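Presented below is the structure to which this report refers.
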Amino acid sequence: MTQISPSLLSADFGNLDRDVDMVNDSAAAMFHIDVMDGRFVPNISFGFPVIEAIARRARKPLDVHLMIVEPDRWINQVRDSGASIMNVHIEACTHLHRTVQAIKAAGMKAAVTLNPATPILTLEEIIGELDMVLLMSVNPGFGGQKFIESTIDKTRRLRELINATGSHAKIEIDGGVNVETGRRLVDAGADILVAGSSVFRAPDPRAEIAALASL
């Protein structure tokens, strides 16, 4: 089964407990938590008090995706907020190897995100150290964007790099994911699909998660 990570950026923040419970009771593998600072991306989402509230109710791991500058400053606070996975953008990390090691030393799994225009080759020297690579299939900052088609081939090339190096990193895709794009991504080698709008705007979110998980 494909692992599904519903993005709470698309949840109803007036009914967050309800939406967290829905994910708890669904076929989802984890929660995707997007943190935006208004600097790295042109939007602001939520901070640590909200993550902590989600963690108290969640019964599945939290994948915290930091779309922020200077993510190194917040490693311990991300861990203390309840994250199991800390996901940083390669574009925001001057010393990526140091950042990855610090995340692991803090007791979390280390994930690195690539924006749509960032090439796979930037991972060649670090891929063996990673637990997960997240490929953005939209430009980060806003939900509900159209899927970037070149992500299919990029996923395939990332799978080739992982296989060639013996890395155990999982491939996660975020942006414009639905059953149609998800099927093609899984065929190209994706392990984990982040789904926001397609899940939380569906008539039956649990059924949508189950459909994605069956891909």
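The values are calculated or read from the model by the stated rules, or taken from the named source; none is laboratory data. In this text, all values refer to a predicted model and were calculated from it rather than measured experimentally. Methodologically, a virtual Cβ is constructed for each residue, glycine included, from the backbone with ideal geometry; neighbour enumeration extends over all protein chains shown.
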- Task: Output the residues belonging to region 53-67 that are touching a strand residue (DSSP E or B) at 6+ places or on another chain (Cβ under 9 Å), of a type outside the set (A, V, I, L, M) and either more than 21 Å from Val88 (Cβ to Cβ) or not in a strand (DSSP E or B) (or both).
- Result: Lys60, Pro61
- Task: Would you check which residues across region 30-43 are in a loop (DSSP other than H, G, I, E, B) and touching a Gly at 6+ places or on another chain (Cβ under 8 Å) and list them?
- Result: Val41, Pro42, Asn43
- Message: Tell me yes or no: at least one residue of region 136-147 is buried (at least 16 other Cβ atoms within 10 Å of the Cβ) and assigned to a helix (DSSP H, G or I).
- Response: no
- Message: Condition first: assigned to a helix (DSSP H, G or I), surrounded by fewer than 20 Cβ atoms within 10 Å (Cβ to Cβ) and in contact (Cβ under 8 Å) with a residue 12 or more places away in the chain. Now tell me which residues in region 14-29 satisfy that.
- Response: Leu16, Asp17, Asp21, Met22, Asn24
- Hits in region 65-113 (condition: of a type outside the set (A, V, I, L, M) and either within 16 Å of Ile171 (Cα to Cα) or in contact with a Cys (Cβ under 6 Å, 6 or more places away or on another chain) (or both)): His65, Asn87, His89, Thr99, Lys109, Thr113
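Each row is one residue, and each column tells you yes or no for (1) among the hydrophobic types (A, V, I, L, M, F, W, C); (2) modelled with pLDDT under 95; (3) closer than 28 Å to Pro205 by Cβ; (4) surrounded by fewer than 18 Cβ atoms within 10 Å (Cβ to Cβ).
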position: His97; (1), (2), (3), (4): no, no, no, yes
position: Met108; (1), (2), (3), (4): yes, no, yes, no
position: Val112; (1), (2), (3), (4): yes, no, no, no
position: Thr122; (1), (2), (3), (4): no, no, no, yes
position: Ile127; (1), (2), (3), (4): yes, no, no, no
position: Leu134; (1), (2), (3), (4): yes, no, yes, no
position: Thr151; (1), (2), (3), (4): no, no, yes, no
position: Glu172; (1), (2), (3), (4): no, no, yes, no
- Message: So, Thr155, is that one of a type in the set (Val, Ile, Thr), surrounded by fewer than 18 Cβ atoms within 10 Å (Cβ to Cβ) and part of a helix (DSSP H, G or I) or not?
- Response: no
- Message: Where the second residue is buried (at least 19 other Cβ atoms within 10 Å of the Cβ) and of a type outside the set (A, V, I, L, M, F, W, C) and the first is touching a residue at least 24 places away in the same chain (Cβ under 8 Å) and farther than 16 Å from Ser10 by Cβ and lies in region 201-215, which pairs have Cβ atoms under 6 Å and are six or more apart or on separate chains?
- Response: Leu215/Gly182
- How many residues does region 80-99 contain that are charged (D, E, K, R) and closer than 15 Å to Ile54 by Cβ? 1
